[in-house]
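The values are calculated or read from the model by the stated rules, or taken from the named source; none is laboratory data. What you see is a predicted model; the values in this text were computed from it and never measured. Glycine gets a Cβ as well: all are built from the backbone with ideal geometry, and neighbour counts include every protein chain shown.
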């Protein structure tokens, strides 16, 4: 099982914990734009708890490529349990942060950078969503889910010249999510090789502030339909 290590917890000045930003990156990775991300979170979401975690993946990432080995069913079968165990390890660490800071899953944003972002996208394989937003920079799906809950909104951010994961993978992922009628966005930075850039970090905050989760629109539509039919909304039932 992959070990998730918490490296830093930043608390807001007040006692209220409105949101949880859980950031996952590789242990060996030096992220020059991390201070920009943290300062912008604090400016835009002053009541948020920021939890930074590290994972060591560079030694062996074969289990993160289960979706790439579909022709070899035996290989996929061998790698899938390792992927599942690592996703569970990440899920438990996120849930520990939610319990500790008193933040619900819908108020949680999980951010994954690079290869660690691929593990974050693996959270879509869980039966019960662990976060309201999954945000990745330069990542790919380790395996595609068969269905996606509208309880989670997914934001893919990618540089078009990313040398680790081609941007075509992000476009493919967005296309697959569209077929599943999932709530997902994609932003590609043109003429750039760095996915975790200030430009794409700024785009992430634009999405967080302006992208209303699809589940809210669908709920509003259902409420309007119920009202037209003279039905009471579910919340009024006792």
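Give the stretch 135-157 a look and list any residue that's more than 17 Å from residue 110 (Cβ to Cβ) and touching a helix residue (DSSP H, G or I) at 6+ places or on another chain (Cβ under 7 Å), or say none. Scanning the stretch 135-157 gives 143, 144. Evaluate the following for residue 37: is it in a strand (DSSP E or B), closer than 27 Å to residue 61 by Cβ and either touching a helix residue (DSSP H, G or I) at 6+ places or on another chain (Cβ under 6 Å) or without any contact (Cβ under 8 Å) to a residue 12 or more places away in the chain (or both)? No, not satisfied. Here 117, 132 are screened, and the one residue that is within 9 Å of the chain's Cα centre (by Cα), over 24 Å from residue 159 (Cβ atoms) and touching a residue at least 60 places away in the same chain (Cβ under 8 Å) is 132. When the stretch 193-206 is filtered for residues that are in contact (Cβ under 8 Å) with a residue 12 or more places away in the chain, out of contact with any helix residue (DSSP H, G or I) (no Cβ under 7 Å at 6 or more places or on another chain) and either surrounded by fewer than 17 Cβ atoms within 10 Å (Cβ to Cβ) or more than 20 Å from residue 113 (Cα to Cα) (or both), the ones remaining, listed by number, are 193, 202.
Taken over the stretch 30-56, the residue count meeting the criterion of being touching a strand residue (DSSP E or B) at 6+ places or on another chain (Cβ under 9 Å) and either more than 16 Å from residue 4 (Cα to Cα) or crowded, with 16+ Cβ neighbours inside 10 Å (or both) is 16. In the set 234, 213, only one residue is at pLDDT below 90 and loosely packed, with under 11 Cβ neighbours inside 10 Å; that residue is 234.
One residue stands out among those in the stretch 103-124 that are touching a strand residue (DSSP E or B) at 6+ places or on another chain (Cβ under 8 Å) and in a loop (DSSP other than H, G, I, E, B): the one that is farthest from residue 165 (Cα to Cα), which is 103.
One line per residue, one yes/no per condition, for (1) at pLDDT 95 or above; (2) within 18 Å of residue 169 (Cα to Cα):
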position: 82; (1), (2): no, no
position: 98; (1), (2): yes, no
position: 134; (1), (2): yes, yes
position: 139; (1), (2): yes, yes
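Annotation: of all residues in the stretch 125-134 being touching a helix residue (DSSP H, G or I) at 6+ places or on another chain (Cβ under 9 Å) and farther than 17 Å from residue 211 by Cβ, the one that is surrounded by the most Cβ atoms within 10 Å (Cβ to Cβ) is 130.
In the stretch 158-186, the qualifying residues are those that are touching a helix residue (DSSP H, G or I) at 6+ places or on another chain (Cβ under 6 Å) and buried (at least 19 other Cβ atoms within 10 Å of the Cβ), and the one that is modelled with the highest pLDDT is 158.
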